[in-house]
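We did not get these values from a lab; they are worked out from the coordinates using the rules stated. Values in this document were obtained by computation on a predicted structure and should not be read as measured data. Heads up, the Cβs are rebuilt from the backbone with ideal geometry, glycines too, and the neighbour counts pull from every protein chain shown.
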Amino acid sequence: MSNSTKTVITCGLLTDDEHFRCQIEQLFNETDILSLLEVHQSPLEADMSKTIKTLDVLFIDVDLPYISGFDWFESLRTEQLCVFISDDASHAVKAFDYNSIDFFLKPLTMKKFYKSVLKIRERYRATYFSKSQRKQRTSLFIRSDNRIYKINYDDILYIESQNNYIQIVTQDNKYSTLMKLKDVQQVLPKSDFIKIQKSFIINMNYVTAIEGNSVIINNVLINISRSLKKDVIDSFTQGHLM
């Protein structure tokens with residue numbers, strides 16, 4: 001079923017708190033907007049799931065053994081929607097640093113849960129509408145040197161962050177504009193573009209080789225972050241490296 005016709009938002013829960021798990025499962029049973037498809041008691045168990053990244057929303061307990069819920073979610077390298085859970089209110093600020101839809105302070109009430117369900121539904125609709133629009137776009141518009149330029153995605157070789165500016169490098173030109181790298185990354189098609197370090201996004205279609213810890217694009221060597229190297233290679237080879 002396509003996202004445009006989907007009526008149930010699929011969810012996963014990660015918590016080692018048995019009492020809270022029972023409580024929230026009962027609350028899920030009271031709504032037909034959300035469907036709780038996966039429940040995991042540890043990060044290791046969740047990591048073994050082959051479908052965890054296909055779920056629409058993840059409910060994550062911050063207070064996990066060995067690793068915090070924040071660190072586990074960051075390790076997923078996913079754009080999934082999330083809600084963080086804790087019995088410590090001081091975690092709320094950090095939760096929203098991760099663009100969390102909501103923060104659940106234990107114990108959870110039905111009123112709070114229902115308000116969150118409505119927030120999730122609205123964010124879900126906005127997120128998937130945005131993704132649908134993004135798939136249809138083939139170019140972006142930027143302001144540079146007192147002009148507005150249309151740049152086709154297919155023409156972009158790579159994008160470099162330079163403090164509060166980015167430089168977009170195409171086959172024929174370079175454009176500097178006031179924008180953050182993370183903002184331009186949101187509008188680029190993920191099938192073609194990948195972030196290889198904190199300052200560079202590259203168009204994978206123009207990579208001619210990977211040499212050591214660098215990619216080569218148009219005879220330019222760009223370093224790959226050590227922490228991202230495996231993800232970068234997997235993106236190119238799709239797991240079929242000979």
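What the table below lists for this structure:
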| item | result |
| --- | --- |
| Residue-span extension gain [Ser139 to Asp155] - 0.36 nm each, minus C-alpha spacing | 4.8 nm |
| Over the range 146-199, equivalent-ellipsoid semi-axes from the Cα gyration tensor in Å | 16, 15, 10 |
| The range 1-124: C-alpha pair distances exceeding 17 Å, % | 53 percent |
| Contact order relative to length of the range 139-237, as percent, for alpha carbon pairs under 8 angstrom and 6 or more apart | 18 percent |
| Over the chain: helical MRE at 222 nm, DSSP H runs n ≥ 4 each giving -39500 (n - 2.57), nearest 500 | -9000 deg cm²/dmol |
| Translational D in µm²/s for the chain (Stokes-Einstein at 4 °C, 1.567 mPa s, Kirkwood Rh from C-alpha pairs) | 64 µm²/s |
| Degrees separating the helix 110-136 axis from the principal Cα axis of the chain, which is the longest one | 20 degrees |
| Simple label model, 7 Å out from Cα along Cβ direction - Asp16 to Lys190, nm | 2.9 nm |
| Hydrodynamic radius (Kirkwood) for the range 21-62, which is based on Cα pairs only, to one decimal in Å | 11.4 Å |
| Mean separation of Cα contacts under 8 Å (6+ apart) over length of the chain, as relative contact order % | 10 percent |
